[in-house]
Structures are given as C-alpha cells and as structure tokens.
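Trainee: Mind looking over this structure? Questions follow.
Only the coordinates and a few stated rules stand behind these numbers; no lab work does. Everything quoted here is computed from the prediction, not taken from an experiment. Every residue, glycine as well, gets a Cβ built from its backbone with ideal geometry; the counts of neighbours run over all protein chains shown.
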C-alpha cells in the first residue's frame with residue numbers, strides 16, 4: 001500500500017498552468033511531497049539531487065522532449081528504476097506504444113480523469129515500493145551472507161586453533177602423546193604401503209627425578225621446555241615429528257629414515273641437550289643435564305616377515321634400546337638390535 005506522505009513525485013512540464021493543474025490534482029489525492037520542473041534539464045537536476053519515486057513527464061517540451069528525457073533516464077543505471085508516466089494531449093496509439101517500449105510505465109491523456117490519475121499513480125508507486133523492498137531485502141540478505149561467511153571463516157580459524165591445541169603438549173608446545181599415536185599409526189601405514197623405512201627415537205632426561213627434587217618442579221618444567229626447543233631445532237623435515245611421550249620422556253618419528261640417519265639425528269639431540277649446560281648437581285654422570293636415547297627402525301623393503309608387524313613393536317624396541325643406553329652409562333645413543 002502506497003504511503004502518500006513518503007512518496008516523492010516529480011512533475012516535468014514546460015507549461016506552468018499544466019504543472020499547477022497536475023500539482024493541484026495530486027495534492028487533492030493526498031500527495032504532499034511533489035517537486036516541479038519547467039524543463040527536462042531542470043527535472044534531471046532534481047533527480048540527481050534527491051530521491052524520486054515517480055516522474056510525471058510531459059511529452060511535448062522544447063530542447064529535450066519527453067521521449068528524449070525518457071531515453072536518458074533509462075540509460076542511467078540508477079535512474080532507470082524510477083517509474084515514468086508520460087502525459088500528453090495526443091491520443092495516438094503509436095505514440096503510446098513507443099513510450100511503453102522505451103520504458104514508460106503508463107501513458108495519461110490530458111485533460112486528466114481524477115480517478116484514472118489516482119489509480120495509475122498509485123499502481124506505479126506500489127510497483128516502485130515493491131522494487132525498493134526487494135532491493136533492500138537483497139542487500140540485507142547479502143549482508144547476512146557476508147556476516148555468515150566471516151563468522152564461518154572465524155569459526156574455522158578457531159576450530160583449527162583448537163585442533164592445533166589438542167595436538168600440542170601444554171607445557172613444551174611440541175606434539176602430545178595423543179597426536180604422537182596418530183602420527184605413528186599414519187607413518188607406519190605409509191611406510192608399509194610404500195615399502196620404506198620408519199625410525200623412532202625415544203629419549204628421556206637422565207636422573208630427572210633427582211633434578212626436580214633438587215631444583216623444584218618449576219625449574220624442571222623450564223628444563224623440559226629448553227630441551228623441547230633444542231630438539232625441535234634438530235628436527236628439520238616437515239614430516240618428522242617431535243612429541244612429549246610422557247613425563248621427562250620424548251619421542252621423535254622419522255619417516256623414510258634408516259638406522260644410520262636416525263643415529264645421526266639422535267646424536268645431535270643428545271649433543272644439543274648436553275650443550276645447554278643446565279646445571280644438575282644431583283646427576284651421577286655429569287654436572288649438567290643429559291639425555292639417554294634409544295632407536296628402533298623397521299624397514300618394510302628388507303624383510304617380508306615384517307609385513308605382519310605392528311606399530312607398537314617399534315615403540316617396544318626403541319624402549320629396549322633406551323633401557324640399554326641407561327644400563328650402559330646414560331648420556332648416549334643406542335640402536336635396538338634383535339641380536340642383543
């Protein structure tokens with residue numbers, strides 16, 4: 001339903017008397033917001049400066065007539081949506097068809113029939129209002145979609161951050177035991193499928209309980225963090241994974257790595273930990289913090305019987321090698337061998 005007080009009308013007619021007659025008719029119908037223009041140029045200036053909901057355009061005007069102004073309006077992407085009623089004293093079917101084809105909403109013949117004028121003006125304004133509502137709703141919908149897209153993007157970021165946090169050890173920031181299990185299973189299956197080697201290093205801090213008893217748990221936490229940092233710096237390849245296995249024990253998963261490559265990596269970790277020069281007066285082997293390391297490797301391309309092996313076997317063998325390193329004096333690297 002048209003809101004008479006809100007609708008903005010524009011009368012464009014070079015004849016002052018005709019403008020005033022039409023203005024009076026529209027005022028009597030209840031329209032209050034009516035602009036008047038004595039030429040097409042003046043009308044275009046008004047349209048460019050304020051919102052217009054309906055144009056009542058005289059056909060016969062000098063310089064730029066009604067049809068020419070109609071063409072100008074319809075060529076403008078912002079103005080083409082404004083409905084136009086052509087007003088003329090000419091009652092010619094061809095002229096009416098020409099106006100409609102060029103985009104006019106309706107055609108009124110002078111003198112005006114008040115009932116007909118009201119019906120056609122009201123219909124045009126209703127159509128314009130419906131279009132405006134559709135545009136507004138579309139804009140709201142697009143804005144809602146954008147907000148939803150932003151919210152979804154932010155939610156994905158939070159989800160990824162939470163996923164990353166769920167994979168990280170809260171103290172050291174390296175992978176946690178849960179993520180270690182996931183990666184080990186994945187790399188085990190990949191090595192088995194691709195017939196490649198997979199190595200695992202297990203290492204823990206020598207006499208770490210005595211370190212905590214001597215320096216306190218806060219110092220122990222700081223020690224673990226420093227060790228995680230230097231061990232991370234040794235691990236270079238994207239698929240290599242350093243994890244806190246539990247307590248003072250860490251694990252390194254090395255895909256496509258033979259025993260020699262794993263030994264080089266383990267020895268570098270051992271050296272970097274000792275080179276931190278973290279005092280440990282309670283250690284029985286060294287005045288500084290040290291670590292013992294055990295290595296296990298499975299090579300699917302060398303032995304057919306290993307097809308039936310399971311990932312836990314790699315952990316068990318690395319743990320046995322770690323136990324051997326502790327038994328043989330600590331602060332050293334041992335590679336598991338079935339012959340020992």
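Trainee: Please give the helix 114-167 orientation as an angle from the longest Cα principal axis of the chain, in degrees from 0 to 90, rounded to the nearest 10.
Mentor: Approximately 10 degrees, to the nearest ten.
Trainee: Fewest Cβ neighbours within 10 Å first, please rank 214, 51 accordingly.
Mentor: Least crowded to most crowded, the residues run 51, 214.
Trainee: Ok, one more. If I stretch the segment between residue 146 and residue 258 completely, what's the gain in nm (0.36 nm per residue apart, minus their alpha carbon distance), one decimal?
Mentor: Gain in length upon complete extension: 35.2 nm.
Trainee: Sticking with this structure for a sec: Kindly express, to the nearest 10 degrees and within the range 0 to 90, the angle between helix 40-49's C-alpha long axis and the longest C-alpha principal axis of the chain.
Mentor: So the helix axis and the longest Cα principal axis differ by about 30 degrees.
Trainee: Now for a separate question. Rounded to the nearest 5, what % of the DSSP beta bridges within the chain are antiparallel ones?
Mentor: Bridges in the chain that DSSP calls antiparallel: roughly 55 percent.
Trainee: Quick check on the stretch 93-150: take the gyration tensor over C-alpha atoms, sort the square-rooted eigenvalues as a ≥ b ≥ c, and tell me if it's rounded (a/c under 1.5), prolate or oblate.
Mentor: Here the stretch 93-150 falls in the oblate category.
Trainee: Got the relative contact order for the stretch 198-340 handy, in percent, Cα pairs under 8 Å and 6 or more residues apart?
Mentor: Computed value for the stretch 198-340: 31 percent relative contact order.
Trainee: So how tilted is helix 311-327 from the main axis of the chain? Cα-based, degrees 0 to 90, rounded to 10.
Mentor: Taking Cα atoms only, the helix is inclined about 40 degrees.
Trainee: If you don't mind, there's one more thing I want to ask. Over the chain, what is the relative contact order in percent, taking alpha-carbon pairs closer than 8 angstrom and at least six residues apart?
Mentor: Relative contact order comes out at 12 percent.
Trainee: Still on this model: Report, in whole Å, the centroid distance computed from the Cα atoms of the stretch 176-212 and the stretch 41-65.
Mentor: If we compute the Cα centre of each part, the gap is 80 Å.
Trainee: Starting from the Cα gyration tensor of the stretch 9-137, take the square roots of the eigenvalues, sort them a ≥ b ≥ c, and report rounded, prolate or oblate (rounded when a/c is under 1.5, otherwise prolate if a/b is larger than b/c, else oblate).
Mentor: Rounded.
Trainee: Take peptides 144-155, 249-260, 105-116 and line them up by average Cβ neighbours within 10 Å, highest first, as a rough protection proxy.
Mentor: Highest-to-lowest ranking by the protection proxy: 249-260, 105-116, 144-155.
Trainee: Take each of the peptides 23-34, 201-212, average the number of other beta-carbon atoms within 10 Å over its residues, and list them starting from the highest.
Mentor: Packing proxy ranking, top to bottom: 201-212, 23-34.
Trainee: By counting other Cβ atoms within 10 Å of each Cβ, how are 167, 217, 280 ranked from fewest to most?
Mentor: Final ranking by Cβ density, sparse to dense: 217, 167, 280.
Trainee: Counting only C-alpha contacts under 8 Å and six or more residues apart, can you give the relative contact order of the stretch 9-137 as a whole percent?
Mentor: Worked out over the stretch 9-137, it gives 22 percent.
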